[in-house]
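Student: The following block contains the structure, expressed as structure tokens.
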Amino acid sequence: ARYLIDRGFAVTGVDSSETLIGLCRERFPEQEWAVVDMRGLELEPVFDGLLAWHSLFHLAADDQRSMLARVAALAKAEAALMFTSGDQAGETIGEWQGEPLFHASLDPEEYEALLRQHGFAIVARQFCDPECGDATVWLAIKSS
């Protein structure tokens, strides 16, 4: 958020964690923050960019499929979408701060097809990026 705010962008942040959103509200009170499960997200504005960083892959495969449709509805023409995924289809339980944490990924070809279906063109994709915890990073642009 700081990176975007420092460059003059307004930020709307959503997370299901009251603690994490509380930190955001303390650090950036002038921005909009909401505690909500992204699957129930109902926002009126359409955005110039959407960032789903280390978030979509905590949803089951079917929920990811429906979230990509919801994300597309929130994107203006020519909006950027950046998100992280796994590098192959499957589910696993990882760990974060000593707690189990669910991860799921679709097959990369399915992400490509869903992005196209929802009007996005893939600009770049980096498989297993070591600078991002070995996540696969996607950048796509919504068609005009």
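Throughout, read-outs are computed from the coordinates displayed, never taken from laboratory work. As the structure is a prediction and not an experimental result, all values here were calculated from the model. Note: ideal-geometry Cβ built from the backbone for every residue, glycine included; neighbour counts use all protein chains shown.
Student: Using helices alone, I'd like the mean residue ellipticity at 222 nm for the chain: each DSSP H run of four-plus residues gives -39500 (n - 2.57), total over residue count, nearest 500.
Tutor: Only helices count here, giving -8000 deg cm²/dmol.
Student: Still on this structure, I have one more. Which residue, chosen from ALA79, TRP33, LEU50, occupies the Cα position most advanced towards the positive end of the dipole of segment 33-126, where the dipole is computed from +1 (Lys, Arg) and -1 (Asp, Glu) charges on Cβ about the Cα centre?
Tutor: In segment 33-126, that residue is ALA79.
Student: Which of SER105, HIS118, LEU68 sits farthest toward the positive end of the charge dipole of segment 55-144, with +1 on the Cβ of Lys and Arg and -1 on the Cβ of Asp and Glu?
Tutor: HIS118
Student: Below 8 Å between Cα atoms, with a sequence gap of 6+, how large is the relative contact order for the chain in percent? Can you show the working numbers first?
Tutor: Numbers: 242 pairs, mean separation 28.4, N = 144.
Once divided by the residue count of the chain, the mean separation gives 20 percent.
Student: In terms of modelled amide H atoms, which long-range or inter-chain residues lie less than 5 Å from the amide H of SER143?
Tutor: GLU78, PHE120, ALA121
Student: Sticking with this one: Helix check for the chain. Which DSSP H runs span at least 15 Å along their own axis by Cα, with a mean Kyte-Doolittle hydropathy no less than -0.5? Walk me through the intermediate numbers first.
Tutor: On the way: long enough: 61-74 (20 Å, 0.04).
Flagged H segments are 61-74.
Student: Oh, and also: Treat every Asp and Glu Cβ in the chain as -1 and every Lys and Arg Cβ as +1, leave all other atoms uncharged, and give the resulting dipole magnitude about the Cα centre to the nearest 20 debye. Present the calculation step by step, with values, prior to reporting the outcome.
Tutor: Details: 11 positive and 24 negative charges, 102 e Å.
My answer is approximately 500 debye.
Student: Could you give the length gained by full extension between ASP107 and LEU43, i.e. 0.36 nm per residue of separation minus their alpha carbon distance, to one decimal place? Intermediate values should be presented prior to the final figure.
Tutor: On the way: separation 64, 0.36 × 64 = 23.04 nm, distance 2.85 nm.
Gain on extension, ASP107 to LEU43, equals 20.2 nm.
Student: Sort the chain into rounded, prolate or oblate with this rule: let a ≥ b ≥ c be the square roots of the eigenvalues of the Cα gyration tensor; rounded if a/c is under 1.5, and if a/c is not under 1.5, prolate when a/b is larger than b/c, oblate otherwise. Display every interim value, and only then the final one.
Tutor: On the way: a/c = 1.55, a/b = 1.10, b/c = 1.41.
Taking the square roots of the gyration eigenvalues as a ≥ b ≥ c, the chain is oblate.
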